[in-house]
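Contents: one structure, followed by commentary.
Every number in this text was worked out from the coordinates using simple rules, so none of it is lab data. All values derive from a computational prediction rather than experimental measurement. Here the Cβ is made from the backbone with ideal geometry for all residues, glycine too, and neighbour counts use every protein chain on show.
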Amino acid sequence: MVSLLPQQLTIREFIDHYGDNDCYELIDGELIEMEPTGSHEQVAAFIGRKLNVAIDQHNEDFLIPYRCLVKVLGTKTAFRTDVLVLDQRQLVHEPLWQQEPVITLETSIKLVVEVVSTNWQNDYARKTEDYALFGIPEYWIVDYLGLGGRDYIGNPKQPTLSICTLDGDQYRKQIFRHEERIISSIFPTLQLTANQIFAAGR
C-alpha cells in the first residue's frame, strides 16, 4: 500500500468518491492504494471458499461480502478487508447497509482476515490495534510469504498464520505453521492446516 494524496479526506468523501473502487482504503484520512498480487488474491479466495463451505455445513447465518468497507467509528479510517465474515442477523442495525456496503458496528462482524503483503506493518500493528479496539472477536493475519517483522513471526522468518482472539480490548495471539491445524473460535470444527492456506498462493 502507498499513500496517494497529502490532503485529508473525510469518511463521507472517501465513500462517495472511492467506495466502489476496491483499490483504495482510508487510514487516518489518507487515501491508501492497495496493490495486491495475484498470489495474494488466490490465498484470500481460498480462505473465503473454505469459510463459505463451513458456513453452509453448519447452517450459520453468516455472510462473506464481495466488497465491503469497515468504518472504524470515531476515526477517519475505513478498511477494506481481504475476507470479512458478517452476522446477517445484525445487518438490520447497520445505518448505512441498505444504501451502501459499509459496516459501522462491531456486532455485525464475526471475523476479519488480512493476507499480508509488502505493507505488513499495517496488518501486524495498526489493524491489530484498531480491530481489537473496535471489538472484532477474531482476526487472522495470513503471512503466506513470511514477510512480517521478526518480532511478529520469529527468526528465521517463515510463513505464519496468526489468529488473534479478542480478550477484553486486546487480542491473544496464537501462531500456526506447517501442518498445524488452525484453531478458530468462530469456526471451531474447521479442518484446515496452515500449509493448505499457504499453498494457495504458490
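Tabulated results
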item: Potential extension, Arg172-Arg202 segment - 0.36 nm per residue separation minus Cα distance; result: 7.9 nm
item: Cβ-placed point charges (K, R +1; D, E -1), dipole of region 1-153 about Cα centre in debye, nearest 20; result: 140
item: Positive-pole candidate from Val72, Asn52, Ser108, dipole of region 48-119, charges at beta carbon; result: Val72
item: In sequence order, calculated HN-Hα J values of region 156-162 (Karplus, 6.51, -1.76, 1.60; Hz; x Gly/Pro); result: x, 5, 7, x, 9, 10, 9
item: Isotropically averaged projected area of region 63-202, using the convex hull of Cα atoms (one quarter of hull area), nm²; result: 8.8
item: Inter-label distance for Arg67 and Arg126, nm, one decimal - labels placed 7 Å from Cα along Cα-to-Cβ; result: 2.2
item: Where labels lie 7 Å past Cα in the beta-carbon direction, separation of Arg150 and Leu96 in nm; result: 4.1
item: Nearest-0.05 FRET efficiency for Glu35 and Arg181, computed from C-beta distance (R0 35 Å); result: 0.65
item: HN-Hα J in Hz across region 143-149 - Karplus 6.51, -1.76, 1.60, θ = phi - 60°, x for Gly and Pro; result: 9, 6, 9, x, 8, x, x
item: Non-local Lys pairs in the chain, i.e. 8 or more apart or on different chains, that have alpha carbons under 23 Å apart; result: 11
item: Cα shape, region 134-202, gyration tensor, a/c 1.5 rule; result: oblate
item: Placed amide H near Ile27: partners under 5 Å, 5+ positions off or other chain; result: Ile32, Ala78
item: Approximate shape of region 72-150 as ellipsoid semi-axes (Cα gyration tensor, √5λ), whole Å, largest first; result: 25, 12, 11
item: Cut-off under 5 Å, modelled amide H: who pairs with Leu147 long-range; result: none
item: Computed magnitude of the charge dipole of region 43-114 (debye, nearest 20; Cβ of K, R +1, Cβ of D, E -1); result: 220
